[in-house]
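Inspection log for the structure reproduced underneath, given as structure tokens.
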Amino acid sequence: METRSFKVSYSPHVHNGASVHKIMWNVFLALVPATAVSVYAFGINAVRVLFVSTFFAIFFEALALLMRKRDWKQCFDGSAALSGLLLGLTLPPGISTPIIMIGSFVAIIVAKQVFGGIGSNPFNPALTGRVFLLIAFTEPMTTWPLPRGIEQAKNYLGLATTKTADAITAATPLAAIKEHASKAMPNVSLNDLFFGLHTPGSIGEISVLALLIGAAWLLYKKIITWHIPVSTILTVFVIATITHFLSPAKYPHPFFHMFAGGLIIGAFFMATDYVTAPIWPMGKLIFGIGVGLLTIVIRLWGGYPEGISFAILIMNATTPLIDKWTVPGPFGSKTLRRQS
Amino acid sequence: MRAVKEFTKGFWRENASLVLLLGMCPTLAVTTSAFNGLGMGLATTAVLLGSNVIISLIAGIIPKKVRIPSYIVVIATLVTLVDMFMAAYAPDLHSALGLFIPLIVVNCIILGRAEAFASRNSVFYSFLDALGIGLGFAITLFVVGAIREILGNGTLTVFQYKETLINFVIYHKETIKPITVFILAPGAFLTLGFLLALKNYIDNLIKN
Amino acid sequence: MQYLLLAINSVFIGNLILSKFLGICPFLGVSRKVSTALGMSMAVLFVMTMASTVTWVLFYTLLEPFGLEYLRTIVFILVIASLVQLTEMAIQKISPALYEALGIYLPLITTNCAILGVAIDTIEKGYNFVGMLVYAVFGAIGFALALLLFAGLRERLETSDVPDAFKGAASSLIVAGILSLAFMGFSGLVPG
Amino acid sequence: MSGIKSFNGGIHPAYNKDLTSGSETVLMPAPERLVVPVGQHIGAPANPVVKKGDIVKLGQMIAEPGGFVSSPVHSPVSGKVISVQPEEHPMGSRIMAITIENDGEDTMVEHQTISEPLEKDPDELKEIVKNSGIVGMGGATFPSHVKLSPPADKPIDFIILNGAECEPYLTADHRLMLENPESIVSGLEIISHITGVKKLYIGIEINKPDAIKKITKALGKKGTVVPLAVKYPQGAEKQLIKAVTGREVPPKHLPMEVGAIVFNVATAHAINKAVTEGIPLFERIVTVTGHGVQKPGNFLVRTGTMVSEVVDFSGGYTDDAAQLILGGPMMGKSSATDGVPVIKGTGGILVLPSAEMLTDAWGPCIRCGMCLRACPNQQNPQLLGNLIEKGLFDKITEDKLEEIVLDDCFECGSCTFVCPANRPIVQFFHMAKAYFRAQKRK
Amino acid sequence: MSEILTAILVLTGVGLAAGLLLSYFSRVFYVEEDPRIDLVEEALPGANCGACGMAGCRDYAKAVATSQDVPGCPVGGPETAVKIAEIMGSEASEVEKMVALVKCAGTMERTTRRGELVGISDCRSASLIGGNKECRYGCLGYGDCMSVCPVNAIKIYSGNIAVVDPDVCIGCGLCVKACPLGIIDMVPASRTMHVLCSSKDAGAQVKKACQVGCIGCKICSRKDSSFQIEDNLAVFTGTEGNADAPFVCPNDVIVDTRVYSVLSFVESEKAREHFTNAKEKFKTLEREERARIAAEKKAALEKAKNSEKKDDEKIKKSAEKQSRED
């Protein structure tokens, strides 16, 4: 009897075609509106920052893979590029190129490849890079050129602007609040914050609208779930509301906290990073509340005007514990509980 | 040559910080400048020398039950001596190292060497062992301090005593911005982490 | 209020491990598993409170009146060592279950520089009795927090594909570095 | 549609059922030589009662049960036993098998037919089911008489027939429901009579409207047809019970814990045949399908027929046939050779061309959580997969997770199906099961 | 002066108080623990490898101190056993140094392949799906044993055969546990004769699957009684064995490590060639011997025919003797 030999593999023998690659490029796609707005607002400078951060992220990834004797082509799987782009989006537009390179190095090598590359990093690479730069190069990291084409720059927030070699700079709305916490509340239009063309800030955080468009795409493609962003933003909103109504002169309006700074980009694009966020719905809610809480605490009472980067990094550290303690019961455990 | 072996092992093969992972607290805490690291290393070496010699001398007469307490008393006495000596002759360094001078008492290197080596070996070898391990530790601290200082401040302080200051400027803060985070706590962890990895990497290379 | 700030300061800003570098040895050694880290944290909390209290009392009743401040190191370490040993024996006798859970960490604590460090630091900073107590308890809580977070992260690293050179202490130190970086976000939370 | 029921989790694979759902079942003549393994069911293997040289008749018992959870094996043809020795088994091991040379006569062994089964004593009927070697034909091959004997302290409320057939490609049950609805309903009545349970359900996925129609018609007022959402693994026992009754079977427990017993429609058909016609289980409908065969179709095949012969009969392989899967693509077993016999649980022969084979390149887990959402058992495939990959079995034991691996995961493959990193999670679980079983034996 | 005095007094006081307190409470809180545990632990190698089956050396020491029936420490070997026996005051149970042996020589060229595995490259996993060789007892060669070996004594050769270096092996037995097929055995290091096959299949099946598989023909056991056939598989139970045994095996499954190392026997084509030549030579010799005996027998019989009955018994005896020797 004639028999035939076949290739043997493990079940299941079909797959839905999802891949890490596709997920990463979808997130990229979701960041396109924010990138476009930033390029419009900050011009060639934004392009430079984003290009350098992304390019060097991929470069360091390839370097690390080569050193680890892995297939260097894996550097194009999108994860390194995404980390690089996100890093670039969190930097001020005027930052110098060597500093961006250091940021990419920290993000890819120190925060990711040291622990084994994709999937292994305990902390969000982009944010690690950003926080490192913030603490290492405080001054350049807190110099914010104004978006171009603003005639009323001098009157912006009623604050003095400074003229440096190539741009007019001013404090971000959050920094302005911090500096003036004891004096009068600077008047910032929520409209400006929402559309983002008239406020200084990190490249990617200025336009809330553009970020929300991207976030909607991610939610639509089911790449992220609502748990983390909603719980984060809600926590910030609730605490900001309470403090605002307790002392309106001292604490700004809750919508100001929602739209100013990096809350939106952080909540939707950074805190939801698969690798560093909890995995179960319950854990995601706890994580989100933690991020929101820490963010608003640092914003209102801490030394830094913006706290979301620190908040996410600190909560990243709690992820393994949250994961450990929020595992839901398996199928049918409800029945058991009812019986006993 | 056993003597040579006992002396040299501390520099690489049994390096206290990098291999045995002992005395990590001072390695991280006081290495904000190369000289601070060196000072701490030498202070530790001094205590280690004293304790190793004394303990190898008296090991025979100490009853087994009170072994550890006796060692601690000896070490604590030596540490207090060094503390006072430094306060008198190198006040700058003393204040820079601060809390970590009395904490030499609980530096596992010293008790570890006493327990594992000095109590079982002759005075001569104990002395060499202490010298090797101590200097190895001091050099490691110096290197960690040097890296942190260069990256975080752009300088390299080799010697500092009262008015005398030997200080190399590696680059100017005005032209190149130093990565100040290396002087701070996170920089200590990162520097030592990468140094350890480098050591492992070289070891792996040698092994293969 | 003053004590609240001191508490926040001890847990977050001046964290024993992440900013003062005290107790690094157990931090690296006993953080392989969350359960172990929990046991160690409890043991440290217990011993640190007790040791700080006893040494504080001893310092202000015995050493200072006699002008023997220079005997601080030697007396403190002696007291701590006997205290730890005493506790160990007591627990072993009174509650074997507790001994199983905590006892095995006790010998490690003698050489934990966090204990002696805090004891000496309270004297150097000149805290009063309540300040000392707050400092010791919340210092230990800060220690526990860092240790627990760290243990969780290390448990996760075990399933990661860490490069050979970074296996073990190296990657742990870098985790600690990033954690310390993140904790710097708390700076400025407490004035002064 | 609110009437359509389902469970949480699950996936939507491409069903590919139209390859064969339209082709009527074709009777395949018994080949010249059949290799009948004694292990065709879960539980203790049967013990051969014939030896080399014996003459056997069609339907004669050739191996007796090796215990309570075991089942006899019957000769699928009449002829001569030419060897009793270990042979290749579809599950990949080598197991004792009885090779019979077919004399082509199909002389049937003495048997009794019962025209009015519902008047008979239930215990007598149960005995017939037991002696006829009826096992669960959905693939699990659990001996049916065991299911028909629930302990007295577990009252049974529901009997559910499983017509979901959620595995992609397979249409054997679908065809059976279309071609033999009365037999299925009669089988269900016999089961109801044996167990004394009056609430009868037949769950069918709504992608088989013709089957729903036919079964509803045949069933009349005797029970209820439950339309089920098209989702994999809808046909898994616990998920089916959840969908039909809303009850969740607790982990490590049998369906009878929540008062339900589930049978496959093919099992009901086999029970009916055994009771009314006195024909034991020695043939079944096999779907031969996939783009690796020339003419996909459904065939009524005797157990012991070589897979190669079935494929030949159907029309042969295509040139680029690369992978042979016994069962469906989700839970079926990839076989290295087609020199293995069809057994009672073989519902499908799926042949994939090399172009449809999956890549074996997989990457590290990125913790996206898709597997957790897909898992119909709300398990933790992410963590366990990672631990097993690194061989950290001690850690699993420490956190008391091995019971999940051993008892709860039924390897439906949903997690692996959705994993963007293409991780072989099911295989990790499979390995862990082997490890812990070995551990337990020690 | 008085300052020094107070210092001394305080120190002594503190020391005294601590010492008294401790010694008092050590009596109050005394918990009995066998002092021998510490001694035994000190005598152990301290590798904490778990090869003995306990959770580390301390656990082993506890077990030794509390019960008599504890297996010897496989890593420490006889030396440690003697030391422990001294501490425990009992006779050392003789512990022989054991090494691991992979009982398979079926390299790629010598075996029939089956299927082609796509997916996890790992023995445990491959064994579940039926392996990659026709033979179910053949080394899968994905190196599960290699990865658990603490001393790197195992390497994978010829693509899919694991071979243990007996000089490096410390006999911890971890590879035995790691092998899903159970084809690794611990054998005494002094043993020089090994059967390099684990197949319990019937002869015909083995022949189909492998060129160097044991078919259970019993020729070796007839030649040397220390070979025994269990489940169609020859098992060697002695230590040295008859030097001719490898030559009589029709499928070349037996290796004599005094002549070839296991590695060269499995891996080196040259060694195999050499072995085949030697075997040929041995066979020719044996054939000549057999021919000689047959000739003698024939001659004797003829002689007997020729001579009278008086020689009959004598001849019969010699013939019997010769036939026995056959």
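Determine the sum of side-chain charges near E:Ser264: Lys and Arg each +1, Asp and Glu each -1, restricted to other residues whose C-beta is under 9 angstrom from that of E:Ser264. So the environment of E:Ser264 carries a net charge of +1.
For the chain pair C and B, buried accessible area totals roughly 3000 Å², probe 1.4 Å, rounded to the nearest 100.
Give the average, rounded to an integer, of partner chain Cβ atoms located within 10 angstrom of each Cβ in B:26-36.
Taking all residues of B:26-36 together, the mean is 2.
Other residues within the sphere of radius under 13 Å centred on the Cβ of D:His174, judged by their own Cβ, net out at -3 (K and R +1, D and E -1).
Toward the positive end of the charge dipole of the range B:85-208, with +1 on the Cβ of Lys and Arg and -1 on the Cβ of Asp and Glu, the farthest Cα among B:Phe117, B:Gln160, B:Phe127 is that of B:Phe117.
Sparsely packed loop sites in the range D:24-60 (the trypsin sites (Lys or Arg not before Pro) outside DSSP H, G, I, E and B with at most 11 other Cβ atoms within 10 Å) comprise D:Lys51. Of the solvent-accessible surface of the range A:33-91, computed with a 1.4 Å probe and all protein chains present, 77% belongs to carbon and sulfur. Rg over Rh for the range A:20-141 works out to 0.96, both radii taken from alpha-carbon positions and Rh defined as the Kirkwood radius.
Hey, can you rank D:167-175, A:57-65, D:379-387 by average C-beta count inside 10 Å, highest first?
Ranked from most to least packed, the peptides come out as D:167-175, D:379-387, A:57-65.
For the range A:194-340, please report how many Lys pairs fall under 20 Å Cα to Cα, leaving out neighbours fewer than 8 apart on the same chain. Pairs that pass both the separation and distance tests number 4. Note on chain A: Kirkwood radius taken over Cα pairs, Stokes-Einstein applied at 10 °C and 1.306 mPa s, translational D equal to 75 µm² s⁻¹. Among C:Leu78, C:Leu148, C:Leu16, the largest mean-square fluctuation in a Gaussian network model of chain C (Cα springs under 10 Å) belongs to C:Leu78. Extending 7 Å from the Cα toward the beta-carbon at both E:Arg113 and E:Tyr157 defines two label points whose distance is 2.1 nm. For the protein assembly as shown, the 222 nm mean residue ellipticity estimated from helices alone, with every DSSP H stretch of n ≥ 4 adding -39500 (n - 2.57) and the total spread over all residues, rounds to -14500 deg cm²/dmol. Averaged over peptide A:21-29, the number of partner chain Cβ atoms lying within 10 Å of each residue's Cβ comes to 1. Taking the Cα centre of the protein assembly as shown as reference, the dipole from Cβ charges on Lys and Arg (+1) and Asp and Glu (-1) amounts to some 980 debye.
Of the trypsin sites (Lys or Arg not before Pro) found in the range B:36-135, those that fall in a DSSP loop while having at most 11 other beta-carbon atoms within 10 Å are B:Arg120.
Working from Cα pairs under 8 Å separated by at least six residues, relative contact order for the range D:113-256 is 23 percent. Farthest toward the positive end of the dipole of the protein assembly as shown, out of C:Val84, C:Met132, E:Tyr142, is the Cα of C:Met132, where the dipole comes from beta carbon charges about the Cα centre. Over the C-alpha trace of the protein assembly as shown, radius of gyration and Dmax come out as 39.0, 144 angstrom. Per residue, the protein assembly as shown exposes an accessible area of 42 Å² to a 1.4 Å probe, with every protein chain left in place. Return the average number of partner chain Cβ atoms within 10 angstrom of each residue Cβ along peptide E:123-135. Mean number of neighbouring Cβ atoms from other chains: 5. A crude spin-label estimate for the pair B:Val123 and A:Leu212, with each label 7 Å from Cα along the Cβ direction, gives 8.3 nm.
Going down the list D:Lys433/E:Lys177; D:Lys130/D:Lys433; D:Lys52/E:Lys200; A:Lys7/E:Lys133; D:Lys390/E:Lys133, which pairs span over 18 Å between their C-alpha atoms? Over 18 Å apart, Cα to Cα: D:Lys130/D:Lys433; D:Lys52/E:Lys200; D:Lys390/E:Lys133.
Of the chymotrypsin sites (Phe, Trp or Tyr not before Pro) found in the range B:141-208, the ones in coil according to DSSP and having at most 13 other Cβ atoms within 10 Å of their Cβ are B:Tyr171.
Taking Cα centre as origin and charging only the Cβ of basic (Lys, Arg, +1) and acidic (Asp, Glu, -1) residues, the dipole magnitude of the range C:2-184 rounds to 140 debye. Can you classify chain C as rounded, prolate or oblate using the Cα gyration tensor, where a ≥ b ≥ c are the square roots of its eigenvalues, rounded means a/c under 1.5, and otherwise it's prolate if a/b beats b/c and oblate if not? Verdict is oblate for chain C.
Under the rule that an exposed site lies in a DSSP loop and has at most 10 other Cβ atoms within 10 Å, name the longest stretch of chain B with no GluC sites (Glu not before Pro) of that kind, not counting the sites themselves.
Formally, the longest exposed-site-free interval is B:1-162.
Other residues within the sphere of radius under 12 Å centred on the Cβ of A:Thr225, judged by their own Cβ, net out at +4 (K and R +1, D and E -1).
Counting only protein chain heavy atoms and rolling a 1.4 Å probe, the accessible areas of B:Phe11, A:Phe51 rank, largest first, as A:Phe51, B:Phe11. Return the distance in nm (one decimal) between the two label points of a simple spin-label model at D:Lys198 and B:Val169, each offset 7 Å from Cα along Cα→Cβ. Label-label distance for D:Lys198 and B:Val169, simple model: 10.1 nm.
Reported to the nearest whole Å, the Cα centre-to-centre distance from the range E:210-289 to the range A:242-307 is 76. Within chain D, the cysteines lacking any other cysteine Cβ closer than 4.7 Å to their own Cβ are D:Cys166, D:Cys365, D:Cys368, D:Cys375, D:Cys409, D:Cys412, D:Cys419.
Hey, can you rank E:277-285, A:311-319, B:90-98 by average C-beta count inside 10 Å, highest first?
Values: E:277-285: 12.3, A:311-319: 26.3, B:90-98: 16.6.
The densest-packed peptide leads the list: A:311-319, B:90-98, E:277-285.
Comparing Cα centroids, the range B:120-149 and the range E:97-171 end up 46 angstrom apart. If both residues of a DSSP beta bridge must be in the protein assembly as shown, then about 70% of such bridges are antiparallel. Summary of the geometry: the range D:80-116 and the range C:1-71, compared by the centres of their Cα atoms, lie 78 Å apart.
In terms of packing, defined here as the mean over residues of other Cβ atoms within 10 angstrom, the peptides A:250-256, E:13-19 line up highest first as A:250-256, E:13-19.
The values are calculated or read from the model by the stated rules, or taken from the named source; none is laboratory data. Note that the structure is predicted; figures quoted are calculated from it, not measured. All Cβ positions, even for glycine, are placed from backbone atoms using ideal geometry, and neighbour counts span all protein chains on display. Just so you know, the surface numbers come from the protein's heavy atoms only, side chains and all, with ligands and any DNA or RNA stripped out. Shrake-Rupley method; radii C 1.70, N 1.55, O 1.52, S 1.80 Å.
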